[in-house]
Structures are given as C-alpha cells and as structure tokens.
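Heads up: the structure comes next, in structure tokens.
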Amino acid sequence: MSFTTPVRFLARSSLRRPITFTASRSISLTPFRSSPSKIDSIVESISTLTLLEAAELVTALKTKLNITEVSMPAASAAGAVVGGAAGGAAAEEEVVEKPKEQTQFNVKLEKFDPASKAKVIREVKALMPNMNLVEAKKFVESVPQVVKENLTKEDAEALKQKFMDLGCTVVLE
C-alpha cells in the first residue's frame, strides 16, 4: 500500500501553526519481507490459540529448550508481559511480591484522656507553631485528627510515645 496524500503536523514554534506538505515519493507500508516465511505461519498458528493453550505452549517450549526462570525486579514485572499472552497466568504463580516496608508515617490522635486535655492542647500547639491556642483546642476536641504527616518511623514512634504518656490513644498510619 502506498499513499501520496498531504500530511499536516504542528511546527515546533511558539505560534504552533500547521504546516502542510505533500510527499514527493510514495511511501510503501509493506513489510521488508515480500514472501511469507516460516515465522509468519508460526505467528498465525499461535494467534489462534486460547489463553490456556498458549500457557501450555510456553511451558512446553521452556521444557524443550531448557529455559530457566529469571526473576524480574518487582517494578518491571508489573508492567511486563512474561511469555507472551500466556505469561500472565504463569507469572502470577511464580512471582510473589513482598509487601513494601512503609517509610513515611502519619501520627493520628484517636482519643485523649479528658483529665489531661489541657496538656494535650499545649502539646498540639507546640507541634504546630502556626496554630493559636483556640485553634489547638478545636483541633483536639475534633479527634480523630492527624497531628503530623510524613514522619520517619523513629520520629513517629517518639511522638506517639509522647502523646501516650499524656493519656492519648495514638495510631500510626
């Protein structure tokens, strides 16, 4: 197949006005190989297989060609298709993802002891310097609230312990 129709594209200028040109030569869209080959017939045969049959084909080829499994990194394994169309079923069984360890924590104040309400308000005001005493009181009275976000594990544990010493129930998220 060939064509000689005008082609439009946007220029890389700040005006972004379309430029039109006509190809002086016809462009051929046929593949490089002109005759059907052995590979084309294999591709045609494989494309008619069901998913289960394709999975069996992958297993049989691995056995016949003595191909061993290579573990892929978790980030690229999620986006890659292993073994063609059938790799999805086989890859789910073999790839066991470890849960990622959390590195950022939020400290959430769930409940507080009414007897130590004043101390909790003072502590919240000290943690949030842009908050005045009235805002800190409203913040504490409207628990559950997130006190601090994106803390390291050590800092979150220290803050949790500080609030627990005041008689609060604190959760790390």
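A few notes on this one:
- Each peptide among 43-56, 107-120 gets the average number of other Cβ atoms lying within 10 Å of its residues, and from highest to lowest they stand as 107-120, 43-56.
- What the phi angles of segment 47-54 give under the Karplus curve with 6.51, -1.76 and 1.60, with θ = phi - 60°, is a coupling list of 5, 8, 6, 7, 4, 5, 5, 5 Hz, glycine and proline written as x.
- Whole-Å semi-axes of segment 119-173's equivalent ellipsoid (Cα gyration tensor): 18, 12, 10
- About its Cα centre, segment 105-172 has a charge dipole of approximately 200 debye under the convention of +1 per Lys or Arg Cβ and -1 per Asp or Glu Cβ, with nothing else charged.
- Among Val134, Val171, the order by Cβ neighbours within 10 angstrom, fewest to most, reads Val134, Val171.
Every number in this text was worked out from the coordinates using simple rules, so none of it is lab data. These numbers come from a predicted model, not from an experiment. Heads up, the Cβs are rebuilt from the backbone with ideal geometry, glycines too, and the neighbour counts pull from every protein chain shown.
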